[in-house]
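A.B. asks: Can you keep this structure in mind? I'll have questions shortly.
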Amino acid sequence: DGCIKAVGQADVIRNQFSEATFERIIDCSGKCVLPGLVDAHTHPVWAGDRVHEFAMKLAGASYMEIHQAGGGIHFTVEHTRKAREDELFTSFQHRLERMLRAGSTLVECKSGYGLDLETELKMLRVIEHAKKSMDISISSTYCGAHAVPKGKTAAEATDDIINNHLPKLKELKLSGEIHVNNIDVFCEKGVFDLESTRRILQAGKDIGLQINFHGDELHPMKSAELGAELGAQAISHLEEVSDEGIMAMARAKCAAVLLPTTAYMLRLKQPQARKMLEEGVIVALGSDFNPNAYCFSMPMVMHLACVNMKMSMNEALAAATINAAYALGKSDTHGSLEVGKQGDLLIINSSRWEHLIYQFGGHETLINYVIVKGKVVYENERCETMSSY
């Protein structure tokens, strides 16, 4: 059934299964076995490369300046609207395969580059197709409130989402065509204010979606306080979160999904990981893979979390496994090696698991096997010929 049957000392396991026959035995002498990594925040379905914007950012343009000049999310929206569903699926599939090879076995995937019902549904169908046809596990998120569509006000966009988008999602869920797990809103100055965010998130919750949204990234918005009040499962970004917001999230057991790649690439101030951990917040990590933060690798995300956000390696591993699974409402089935949980694991070509974080960008010759539901989905021959050191 793809679930873990036993965990323990080698000799105990050997005795327990002495009569069993196995399809395959992998010798892990001198290696490490870890839970599959969980990427708690990605935007992986889109068309329209934004490599030219990286040069603008390096020259000093801010995120909002690029956005207001017609770049950013709107550039991607324009290209994603024009792209055929099969084209979007092909590029999405390749991205997921790269995430899998970097050790991610469960990934949260958002829509949000459509901003109209037709394109949002196209993106969600692409995600649904991958859920059914690929080895990697997916938690899908409707993010129709990712930006205010051109020609609309935030109030008009909010009404459109509540009156048209969400009822359609409910209908498609009941018919079994599309099953969405989470609802997301970009709660930000000049995008969706606190009241619009509240209305959309509550309407999503009312149709059975988990609340998991972008908050307090570029400006302090009191998003964390709102999320705690609404019973959010998780809030992402939080570079500008208030002390009160941190305490509210800790009390509400609302996970903080921190995105060290985004803060690094946009030269934002780093999220206060240490303060959150000290206050008892459940801290998770995500790559924020998107055209603006092009990173597939959770090992690199963990490295940045340790160096730039002052997390320990143990904290970073927990944040990229069990806590990230919790942020997606899946910690009962994913994120740790326990009996009864899904058999998602990595075998590392090193006797010390810390090499996965220590070797910045070294995962390509370090991850020996990726296993999903007890099945080897990626085997890296280079590990057999190379020492990990």
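A.B. asks: With +1 on the Cβ of every Lys and Arg and -1 on the Cβ of every Asp and Glu, and nothing else charged, how large is the dipole of the range 273-389 about its Cα centre, in debye rounded to the nearest 20?
C.D. replies: So the dipole magnitude of the range 273-389 works out to roughly 100 debye.
A.B. asks: Separate question: Taking the convex hull of the Cα atoms, report for the chain its projected area averaged over all directions, in nm².
C.D. replies: About 19.3 nm², averaged over all directions.
A.B. asks: Got the relative contact order for the chain handy, in percent, Cα pairs under 8 Å and 6 or more residues apart?
C.D. replies: 21 percent
A.B. asks: Okay, moving on. Which lysines, if any, have their Cα less than 16 Å from the Cα of Lys205, not counting same-chain residues under 8 positions apart?
C.D. replies: Once the sequence-local lysines are set aside, what remains near Lys205 is Lys168, Lys170, Lys173.
A.B. asks: How big is the charge dipole of the range 144-225 about its Cα centre, in debye rounded to the nearest 20, if each Lys and Arg gets +1 on its Cβ and each Asp and Glu gets -1 on its Cβ?
C.D. replies: 140 debye
A.B. asks: May I pose another question? Kindly provide the helix-only [θ] at 222 nm of the chain, computed as the sum of -39,500 (n - 2.57) over DSSP H runs of four or more divided by all residues, to the nearest 500 deg cm²/dmol? Numbers along the way, then the final one.
C.D. replies: Details: 18 runs with 157 residues, N = 389.
Mean residue ellipticity, 222 nm, calculated: -11000 deg cm²/dmol.
A.B. asks: So, in nm, how far is label Ser175 from label Met64 when the simple model puts each one 7 Å beyond its Cα toward the Cβ?
C.D. replies: The answer from the label model is 4.1 nm.
A.B. asks: To continue, here is another question. What full-extension length gain, to one decimal in nm, is calculated for Lys5 and Glu97 as 0.36 nm per residue of separation minus the Cα-Cα distance?
C.D. replies: Extra length from Lys5 to Glu97 when fully extended: 30.4 nm.
A.B. asks: About the Cα centre, and with charges only on the beta carbon of Lys, Arg (+1) and Asp, Glu (-1), how big is the dipole of the chain? Nearest 20 debye, please.
C.D. replies: For the chain, the charge dipole is close to 240 debye.
A.B. asks: Across the range 268-389, how many lysine pairs separated by 8 or more positions, or lying on different chains, have Cα atoms within less than 15 Å?
C.D. replies: Final tally of qualifying lysine pairs is 6.
A.B. asks: Same structure, new question: What's the center-to-center distance, using Cα atoms, between the range 72-93 and the range 160-205 in Å?
C.D. replies: 21 Å
A.B. asks: Still on this structure, please answer the following. For the chain, the longest stretch holding no GluC sites (Glu not before Pro) located in a DSSP loop with at most 16 other Cβ atoms within 10 Å is which?
C.D. replies: Formally, the longest exposed-site-free interval is 178-337.
A.B. asks: Still on this model: Between Val339 and Arg352, what length comes free when the chain is fully extended (0.36 nm per residue of separation minus the Cα-Cα distance, one decimal in nm)?
C.D. replies: Once the chain is fully extended between Val339 and Arg352, it gains 2.4 nm.
A.B. asks: Please identify the trypsin sites (Lys or Arg not before Pro) of the range 134-224 that satisfy two criteria: DSSP loop assignment and at most 10 other Cβ atoms within 10 Å. Which are they? If you can, show how the numbers build up before the last one.
C.D. replies: Values: sites: Lys150, Lys152, Lys168, Lys170, Lys173, Lys189, Arg198, Arg199, Lys205, Lys222; in loops: Lys150, Lys152, Lys189, Lys222.
Sites meeting the loop and neighbour criteria: Lys150.
A.B. asks: Want the number for Leu117 to Lys152: 0.36 nm per residue separation, take away the alpha-carbon distance, what's left?
C.D. replies: 11.2 nm
A.B. asks: Further question on the same structure: For the pair Ile207 and Glu364, how long in nm is the line joining their label points, each one 7 Å along Cα→Cβ?
C.D. replies: Calculated label separation equals 4.2 nm.
All of the numbers you see were taken from the coordinates with simple rules; none came from a lab. Just so it is clear, the structure is predicted and the values come from calculations on it, not from any experiment. All Cβ positions, even for glycine, are placed from backbone atoms using ideal geometry, and neighbour counts span all protein chains on display.
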